[in-house]
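This report concerns only the one structure given below.
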Amino acid sequence: MWDRVERLIGGENLARLRQKRVGVYGLGSGGGFVALSLAMSGVGHFVLLDEDVIEANNVVRHVADARYIGQAKAEVVADLIKHRNPMAEIETFVGKAEEHLDALDGLDLLIVGVDG
(Lines give C-alpha, C1' and ligand atoms only; values in the text may rest on other atoms or scores of the structure.)
Protein backbone atom coordinates (compact mmCIF):
# COMPACT_ATOMS: atom_id res chain seq x y z
CA MET A 1 0.00 0.00 0.00
CA TRP A 2 2.82 2.44 0.86
CA ASP A 3 5.29 1.38 -1.84
CA ARG A 4 5.06 4.57 -3.87
CA VAL A 5 5.34 6.86 -0.84
CA GLU A 6 8.24 4.82 0.48
CA ARG A 7 10.06 5.09 -2.84
CA LEU A 8 9.53 8.84 -2.78
CA ILE A 9 10.60 9.62 0.79
CA GLY A 10 12.48 6.46 1.87
CA GLY A 11 11.64 3.72 4.32
CA GLU A 12 13.17 5.44 7.35
CA ASN A 13 11.20 8.61 6.76
CA LEU A 14 7.97 6.68 6.24
CA ALA A 15 8.61 4.85 9.52
CA ARG A 16 9.11 8.22 11.24
CA LEU A 17 5.83 9.54 9.86
CA ARG A 18 3.97 6.49 11.16
CA GLN A 19 5.13 7.42 14.67
CA LYS A 20 4.18 11.11 14.49
CA ARG A 21 1.16 12.46 16.37
CA VAL A 22 -0.39 15.38 14.54
CA GLY A 23 -3.26 17.54 15.73
CA VAL A 24 -5.51 19.44 13.36
CA TYR A 25 -7.77 22.06 14.90
CA GLY A 26 -10.28 23.29 12.35
CA LEU A 27 -11.34 20.73 9.77
CA GLY A 28 -13.02 22.91 7.21
CA SER A 29 -11.93 23.36 3.62
CA GLY A 30 -8.29 23.93 4.59
CA GLY A 31 -7.75 21.74 7.63
CA GLY A 32 -9.69 18.83 6.17
CA PHE A 33 -7.46 18.71 3.10
CA VAL A 34 -4.32 19.03 5.23
CA ALA A 35 -5.37 16.18 7.54
CA LEU A 36 -6.25 13.90 4.63
CA SER A 37 -3.00 14.74 2.81
CA LEU A 38 -0.97 13.94 5.91
CA ALA A 39 -2.76 10.61 6.24
CA MET A 40 -2.01 9.85 2.59
CA SER A 41 1.65 10.66 3.30
CA GLY A 42 1.86 8.09 6.09
CA VAL A 43 1.30 10.02 9.33
CA GLY A 44 0.11 7.42 11.82
CA HIS A 45 -1.59 9.26 14.70
CA PHE A 46 -4.14 12.08 14.57
CA VAL A 47 -6.02 14.29 16.99
CA LEU A 48 -8.87 15.97 15.11
CA LEU A 49 -10.79 18.83 16.68
CA ASP A 50 -13.62 20.94 15.30
CA GLU A 51 -16.92 22.24 16.62
CA ASP A 52 -18.87 22.32 13.33
CA VAL A 53 -20.86 19.91 11.20
CA ILE A 54 -20.78 19.49 7.44
CA GLU A 55 -23.43 21.67 5.82
CA ALA A 56 -24.65 21.59 2.24
CA ASN A 57 -22.76 24.80 1.43
CA ASN A 58 -19.49 23.18 2.67
CA VAL A 59 -19.55 20.34 0.15
CA VAL A 60 -18.16 22.23 -2.85
CA ARG A 61 -15.00 23.22 -0.91
CA HIS A 62 -14.55 20.38 1.56
CA VAL A 63 -12.94 16.92 1.27
CA ALA A 64 -16.31 15.51 2.39
CA ASP A 65 -19.20 15.02 0.02
CA ALA A 66 -22.98 15.26 0.40
CA ARG A 67 -23.35 11.89 2.19
CA TYR A 68 -21.73 13.52 5.25
CA ILE A 69 -24.13 16.48 5.59
CA GLY A 70 -25.15 16.94 9.21
CA GLN A 71 -22.21 14.99 10.66
CA ALA A 72 -19.43 16.44 12.81
CA LYS A 73 -16.44 17.54 10.72
CA ALA A 74 -13.95 15.84 13.08
CA GLU A 75 -15.73 12.50 12.71
CA VAL A 76 -16.13 12.94 8.95
CA VAL A 77 -12.44 13.62 8.39
CA ALA A 78 -11.58 10.66 10.66
CA ASP A 79 -13.72 8.44 8.45
CA LEU A 80 -12.04 9.73 5.30
CA ILE A 81 -8.60 9.17 6.82
CA LYS A 82 -9.51 5.58 7.73
CA HIS A 83 -10.43 4.90 4.10
CA ARG A 84 -7.00 6.12 2.95
CA ASN A 85 -4.83 5.01 5.87
CA PRO A 86 -6.63 2.18 7.71
CA MET A 87 -3.83 1.74 10.24
CA ALA A 88 -3.98 5.37 11.43
CA GLU A 89 -4.96 5.94 15.04
CA ILE A 90 -7.41 8.80 15.32
CA GLU A 91 -8.89 10.66 18.27
CA THR A 92 -11.78 13.00 17.48
CA PHE A 93 -13.11 15.86 19.58
CA VAL A 94 -16.19 17.91 18.80
CA GLY A 95 -15.98 21.37 20.32
CA LYS A 96 -13.63 24.28 20.77
CA ALA A 97 -9.93 23.83 21.54
CA GLU A 98 -10.44 25.45 24.96
CA GLU A 99 -12.76 22.55 25.87
CA HIS A 100 -10.17 19.89 24.93
CA LEU A 101 -6.75 21.33 25.78
CA ASP A 102 -5.53 18.03 27.26
CA ALA A 103 -6.08 16.37 23.87
CA LEU A 104 -3.38 18.61 22.43
CA ASP A 105 -0.69 17.40 24.84
CA GLY A 106 2.13 15.36 23.36
CA LEU A 107 1.63 16.38 19.75
CA ASP A 108 4.58 16.46 17.37
CA LEU A 109 2.78 19.09 15.29
CA LEU A 110 -0.38 21.16 15.67
CA ILE A 111 -2.01 22.60 12.58
CA VAL A 112 -4.56 25.33 13.17
CA GLY A 113 -7.00 25.68 10.31
CA VAL A 114 -9.69 27.87 11.85
CA ASP A 115 -10.96 30.94 10.09
CA GLY A 116 -12.12 32.95 13.05
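The table below gives the values:
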{"quantity": "Meets criteria (over 15 Å from the mean Cα position of the chain (by Cα) and surrounded by fewer than 16 Cβ atoms within 10 Å (Cβ to Cβ)) for GLU89", "calculated": "no"}
{"quantity": "Tally of residues being more than 13 Å from LEU36 (Cβ to Cβ) and open to solvent by 20 Å² or more (accessible area, probe 1.4 Å) across the stretch 47-86", "calculated": "16"}
{"quantity": "Filter result for the condition that a residue is touching a residue at least 24 places away in the same chain (Cβ under 8 Å) and more than 10 Å from the chain's Cα centre (by Cα), over ASP102, ASP65, ASP50", "calculated": "ASP50"}
{"quantity": "Test: residue in the stretch 1-21 that is open to solvent by 40 Å² or more (accessible area, probe 1.4 Å), closer than 15 Å to ILE81 by Cα and small (Gly, Ala, Ser)", "calculated": "no"}
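The values are calculated or read from the model by the stated rules, or taken from the named source; none is laboratory data. Keep in mind that what you see is a predicted model, and the values were worked out from it rather than measured. A quick note on method: Cβ atoms are made from the backbone with ideal geometry, for glycine too, and the neighbour counts reach across all protein chains shown. When the accessible area is computed, the model is the full protein with side chains, heavy atoms only, and any ligands, DNA or RNA have been set aside. Shrake-Rupley method; radii C 1.70, N 1.55, O 1.52, S 1.80 Å.
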